[in-house]
Amino acid sequence: MVKKTDEYLDRNWQIGILLLRIFIGLRLLYGVVDNIISWQQMIEFSIFLENNGFPFPLMSAVTSVYVQFIGGLLILLGYKIRVTSFILIINFLVAFIVHLLANDTVEGMTPALAMLFGCLTFLFTGPGKLSVKF
């Protein structure tokens with residue numbers, strides 16, 4: 001029974017990458033959709049960045065939000081995932097550093113860390129076979 005399960009999982013490992021892509025992609029979209037829908041939310045994010053010493057806080061906020069939004073869509077599709085992941089890794093390394101400097105808890109850092117490590121995984125694995133090919 002264990003051997004058959006292992007064989008099945010070995011043959012279908014691509015499903016695991018797809019499931020991770022779905023989670024990371026949807027979480028990225030969920031995390032920024034409020035900023036896209038509401039300019040007031042974007043301004044609040046900009047103020048947060050300004051309070052944490054970011055240069056050009058509004059431009060930084062808009063850039064981060066749209067990098068995550070477009071990145072989420074591309075990860076869901078599995079298109080250009082290594083380049084997308086590299087860009088998102090930079091974004092979430094910065095987010096992690098901000099959490100550290102703000103003395104945030106591990107629980108507070110977990111969403112950024114989940115995105116960071118998910119994108120690191122995609123950098124190494126690529127999108128898997130279950131992805132959009134153009």
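The numbers here are math on the coordinates, done by the rules we state, and not lab data. Values in this document were obtained by computation on a predicted structure and should not be read as measured data. Counting neighbours? That spans all protein chains shown, and the Cβs are built from the backbone with ideal geometry, glycine included.
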Around L76 (Cβ within 13 Å, Cβ-to-Cβ, excluding L76; K/R +1, D/E -1) the net charge comes to +3
If one compares the long axis through the Cα atoms of helix 2-11 with the longest principal axis of the Cα atoms of the chain, the angle in degrees, nearest 10, works out at 60 degrees
Counting Lys and Arg as +1 and Asp and Glu as -1 over every other residue whose Cβ sits under 13 Å from the Cβ of E44, the net charge comes to -2
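Within the P(r) computed for the chain, what percentage of the Cα pairs occupies the region above 24 Å? Don't jump to the answer; show the numbers that get you there.
Values: 3166 of 8911 pairs.
So the pairs more than 24 Å apart make up 36 percent of the total in the chain.
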The simple spin-label model distance between N52 and E107, using points 7 Å out along Cα→Cβ, in nm, is 1.9 nm
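Note the full-extension length gain between L26 and V94 as 0.36 nm times their separation in residues minus their Cα-Cα distance, in nm to one decimal.
Length gained between L26 and V94: 22.4 nm.
Using only alpha carbon pairs under 8 Å that are at least six residues apart, calculate the relative contact order of the range 2-125 and give it in whole percent.
25 percent.
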Packing-ranked peptide list from 91-97, 117-123, highest mean Cβ count within 10 angstrom first, is 117-123, 91-97
Residue-normalised 222 nm signal for the chain, counting each DSSP H run of n ≥ 4 as -39,500 (n - 2.57), nearest 500 deg cm²/dmol, is -28000 deg cm²/dmol
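If Lys and Arg each add +1 and Asp and Glu each add -1, what is the summed charge of the other residues whose beta carbon sits under 13 Å from the beta carbon of V132?
Details: positive: R21, K80, K129, K133; negative: none.
So the environment of V132 carries a net charge of +4.
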Given a Förster distance of 25 Å, the FRET efficiency implied by the Cβ-Cβ spacing of E44 and L73, rounded to the nearest 0.05, works out to 0.60
